[in-house]
1. Specify which of the listed residues (ASP202, ASP211) is under 18 Å from the mean Cα position of the chain (by Cα) and among the charged types (D, E, K, R).
2. Which one of the conditions (1) among the aliphatic types (A, V, I, L, M); (2) assigned to a loop (DSSP other than H, G, I, E, B); (3) surrounded by fewer than 15 Cβ atoms within 10 Å (Cβ to Cβ) does ILE219 fail to meet, given that it meets all the rest?
3. Looking only at segment 1-43, count every residue that is free of Cβ contacts under 8 Å to residues at least 40 places away in the same chain and either acidic (Asp, Glu) or not in a helix (DSSP H, G or I) (or both) and tell me the total.
4. Going by the conditions given, is VAL162 among the β-branched types (Val, Ile, Thr), assigned to a helix (DSSP H, G or I) and in contact (Cβ under 8 Å) with a residue 24 or more places away in the chain?
5. Regarding THR48, is this residue hydroxyl-bearing (Ser, Thr, Tyr) and either outside any helix (DSSP H, G or I) or more than 24 Å from TYR148 (Cα to Cα) (or both)?
6. Name the pairs whose Cβ atoms lie under 7 Å apart, with the first residue in segment 79-90 and under 14 Å from ILE6 (Cα atoms), the second part of a helix (DSSP H, G or I) and of a type in the set (Lys, Arg), and 6 or more positions between them or separate chains?
7. If you scan segment 119-145, which residues turn out to be surrounded by 15 or more Cβ atoms within 10 Å (Cβ to Cβ) and under 26 Å from the mean Cα position of the chain (by Cα)?
8. Is there a residue in segment 41-56 that is small (Gly, Ala, Ser), crowded, with 19+ Cβ neighbours inside 10 Å and modelled with pLDDT of 95 or more?
Amino acid sequence: MTISPIDDSQRTAAKVAGFAYLITFATVVYVNFGIFGRLIVGNNAAETARNILAHERLFRIGIVGDLIYCAGVVVLLTALYVILKPVSRGLALLAAFWRLVWVLMWLLVTLNLFDALRLLSGAHYLQAFEAERLQALARFYLGATSDYYYVGLLFGALASTVCGYLWFKSRYIPRALATFGVISSAFCVACTLVFYIFPNFDKIVNLWWFDTPMGLFDIALSFWLLFKGLRPSVVAVPTTQAI
């Protein structure tokens, strides 16, 4: 067995990844539950429209928050690639690409929010449509964000599964934590795929449980990277026998 040294770029990337995990998590939770969760009313287009128009600045802050989240995830995927590249360059690149697809889905969510806001803006060229129709269309765009989320979640969970495997293989973090990361991420992949085929699957497994275990892994990993850092990687080296 030999110990593979950890270079300064990996140590720095570990700190960056830890901060990025926490900042992006806090941002997305606040935006979607603290802002959009208050303004968007399920199955009530008229009330949703009134809430958005009455708190348009807050709604726009939520959009900016989603964009900040996207930027943070790009920082995160870059840091993870730097850390895990020595373990397997190909798999680290694949995980980064899949996480980038996740970001692109979030950008589509943001564009839908802008579309909904435009429909409710009262622009002159929209006066040809009845108010009720515009409200219904705006609610349609807001509802479509859920579809984009679950499409993106599949790729985010795939990326997390691959990263979990690389964490396990590298031994940069405790193997028990890495194992939990692989299992929780693979569980999210499986639930999301089943949900695509059987929309009523959420009656069996609550939607909250699709990504909650993976989120708990991300939080635990972020604190480990910030306060413990990376362990030296132990790599097996073939032994040669004397002739």
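The values are calculated or read from the model by the stated rules, or taken from the named source; none is laboratory data. None of these values were measured; they are calculated from a predicted model. Ideal geometry is used to build each Cβ from the backbone, glycine not excepted, and the neighbour counts take in all protein chains shown.
1. Numbers: ASP202 fails: under 18 Å from the mean Cα position of the chain (by Cα).
Sole residue among the options that is under 18 Å from the mean Cα position of the chain (by Cα) and among the charged types (D, E, K, R): ASP211.
2. For ILE219, the failing item is (2).
3. Final tally of qualifying residues: 5.
4. On the way: among the β-branched types (Val, Ile, Thr): yes; assigned to a helix (DSSP H, G or I): yes; in contact (Cβ under 8 Å) with a residue 24 or more places away in the chain: yes.
Against the criterion (among the β-branched types (Val, Ile, Thr), assigned to a helix (DSSP H, G or I) and in contact (Cβ under 8 Å) with a residue 24 or more places away in the chain), VAL162 qualifies.
5. Criteria not met by THR48.
6. Pairs found: VAL87/LYS169.
7. ALA138, ARG139, TYR141, LEU142, GLY143, ALA144, THR145
8. no
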